[in-house]
């Protein structure tokens with residue numbers, strides 16, 4: 001196997017893995033409110049979303065001509081940098097998923113690419129003005145527009161129909177939610193599915209396996225569609241819990257208002273030339289549907305943590321991307337090292353998530369996504385500290401401290417409460 | 001740096017107007033449909049007459065149908081083969 005073929009294969013596999021994380025990260029966008037209000041059973045919801053994502057991926061013929069829409073200078077970008085960016089985006093997606101934070105997969109990918117290009121090609125490789133106009137400004141505007149629109153829609157809804165929460169009205173709104181949620185899933189498939197196709201096609205062209213200027217091959221379309229569909233079907237239940245339960249206690253009319261607003265915002269932004277992040281639109285709509293009814297109904301603490309997550313996404317992914325690029329650009333061995341770090345990081349995060357698993361059975365049982373870092377380790381110790389890959393040690397630092405998410409971090413198993421209690425509120 | 005403020009304002013306005021229009025239509029439709037059947041079901045004295053009930057039901061489905069047309073328009077926008 002030649003070095004080029006090896007690198008191309010690695011990038012394709014990584015791109016498909018990123019597509020998978022993209023799917024389970026954004027599953028919540030389309031279906032969290034439907035699951036939370038009981039409009040759809042969890043498994044039905046993710047099945048519909050997955051099928052529509054795949055259909056959407058096949059429908060969309062127009063594949064992105066550039067990887068990043070001008071954020072990085074594509075002329076400088078090599079497959080190795082794309083690989084580093086993808087690894088960073090995957091690790092950030094998994095980290096935010098662990099904490100149950102809805103964050104933009106596109107921002108993670110752009111961040112990873114920016115970091116990789118900064119290391120690989122220098123400052124001139126990144127168009128910072130495009131970063132502001134295409135990422136930062138939309139990131140501020142998307143939630144603002146969504147909160148306003150969903151807030152007003154919800155306000156008028158309850159104004160005109162005071163009994164909206166009661167049957168039979170609530171049933172109508174649940175039926176409406178099924179339609180609006182499906183629209184979001186289909187729109188998501190047409191936009192996000194083709195991102196991965198674009199990346200794979202560009203890498204194939206760069207590697208000389210495909211003629212320049214040709215569209216994606218059928219197997220690329222099929223693989224990318226199936227990867228995002230499989231990711232969507234796996235559900236991303238941690239994020240779904242935060243969006244459906246953590247921000248607002250949604251009733252079906254609010255869910256309908258939120259999803260309709262999201263669908264309207266996504267379609268408007270796609271067809272009027274000002275792209276807004278799907279994730280931020282959908283989270284904003286949920287907040288708006290709570291605020292439009294009663295401001296105090298929104299759990300602003302959770303919203304604030306989500307905001308921190310959004311602010312961190314770009315710099316954190318850029319940091320991972322820079323580290324990954326620095327290692328990967330040293331040669332084939334470096335690429336293998338980054339690949340190992342990706343596998344180790346993924347395994348670690350999945351292992352931590354298993355301790356407080358959120359799945360389709362318990363997604364609606366609680367509002368919080370709990371992360372328990374250590375199980376049987378002494379205070380302050382971090383588990384799994386044996387593997388030496390540099391990427392992974394930064395990964396663990398990301399996970400361990402502070403309060404980035406809608407989370408309750410328990411550093412050690414919950415201590416027995418009954419015996420030898422010295423707490424002040426004990427009787428006697 | 002070029003920021004397309006016009007497009008941004010257009011997207012914001014379109015989102016707000018579309019959200020209120022569709023959600024409003026749908027909730028008025030549901031209001032019409034449930035107002036009639038609710039009272040009739042409970043056998044209240046204020047139960048609407050048969051012709052009024054028909055009118056309410058007709059209005060209700062007309063509203064839901066219009067909201068449905070918006071959904072079809074959304075599908076038209078999503079599927080690139082249509083344009």
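The values are calculated or read from the model by the stated rules, or taken from the named source; none is laboratory data. Small disclaimer: the values here were computed from a predicted structure and weren't measured. Note that each Cβ is placed from the backbone with ideal geometry, even for glycine, and that neighbours are counted across all protein chains shown.
Numerical summary
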{"item": "Any hit, the range A:168-177, residues being more than 10 Å from chain B (Cβ to nearest Cβ), surrounded by fewer than 24 Cβ atoms within 10 Å (Cβ to Cβ), assigned to a helix (DSSP H, G or I) and modelled with pLDDT under 85", "result": "no"}
{"item": "Criterion violated by residue A:205 - all others in (1) within 27 Å of the chain's Cα centre (by Cα); (2) more than 14 Å from every other protein chain (Cβ to nearest Cβ) satisfied", "result": "(1)"}
{"item": "Out of A:249, A:165, sole residue that is more than 9 Å from chain B (Cβ to nearest Cβ), assigned to a loop (DSSP other than H, G, I, E, B), in contact (Cβ under 8 Å) with a residue 12 or more places away in the chain and under 21 Å from residue B:32 (Cα atoms)", "result": "A:165"}
{"item": "Residues of the range A:118-161 classified as at the interface with chain B (Cβ under 9 Å from one of its Cβ atoms) and in a loop (DSSP other than H, G, I, E, B), total", "result": "1"}
{"item": "Some residue of the range A:319-329 being assigned to a helix (DSSP H, G or I), surrounded by fewer than 20 Cβ atoms within 10 Å (Cβ to Cβ) and more than 20 Å from the chain's Cα centre (by Cα)", "result": "yes"}
{"item": "Qualifying residues in the range A:266-304 (those that are more than 20 Å from residue A:153 (Cα to Cα) and in contact (Cβ under 8 Å) with a residue 60 or more places away in the chain) - the one farthest from the other protein chains (Cβ to nearest Cβ)", "result": "A:301"}
{"item": "Residue in the range A:320-341 that is over 28 Å from residue A:88 (Cα atoms) and more than 14 Å from chain B (Cβ to nearest Cβ) present", "result": "no"}
{"item": "Selection status of residue A:77, surrounded by fewer than 24 Cβ atoms within 10 Å (Cβ to Cβ), over 14 Å from the mean Cα position of the chain (by Cα) and free of Cβ contacts under 8 Å to residues at least 60 places away in the same chain", "result": "yes"}
{"item": "Test: residue A:87 is buried (at least 24 other Cβ atoms within 10 Å of the Cβ) and within 19 Å of residue A:328 (Cα to Cα)", "result": "yes"}
{"item": "Selected residue (only one of A:83, A:99 is touching a strand residue (DSSP E or B) at 6+ places or on another chain (Cβ under 8 Å) and either modelled with pLDDT under 90 or more than 10 Å from every other protein chain (Cβ to nearest Cβ) (or both))", "result": "A:99"}
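Each row is one residue, and each column tells you yes or no for (1) within 7 Å of another protein chain (Cβ to nearest Cβ); (2) surrounded by fewer than 16 Cβ atoms within 10 Å (Cβ to Cβ); (3) modelled with pLDDT under 90.
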{"site": "B:1", "(1), (2), (3)": "yes, yes, yes"}
{"site": "B:12", "(1), (2), (3)": "yes, no, no"}
{"site": "B:31", "(1), (2), (3)": "yes, no, yes"}
{"site": "B:41", "(1), (2), (3)": "no, yes, yes"}
{"site": "B:55", "(1), (2), (3)": "no, yes, yes"}
{"site": "B:78", "(1), (2), (3)": "yes, no, yes"}
{"site": "B:83", "(1), (2), (3)": "no, yes, yes"}
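Let's see how each residue does on (1) part of a helix (DSSP H, G or I); (2) in contact with a strand residue (DSSP E or B) (Cβ under 9 Å, 6 or more places away or on another chain); (3) crowded, with 23+ Cβ neighbours inside 10 Å:
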site: A:184; (1), (2), (3): yes, no, yes
site: A:187; (1), (2), (3): yes, no, yes
site: A:194; (1), (2), (3): yes, no, yes
site: A:198; (1), (2), (3): yes, no, no
site: A:203; (1), (2), (3): yes, no, yes
site: A:208; (1), (2), (3): no, no, no
site: A:230; (1), (2), (3): yes, no, no
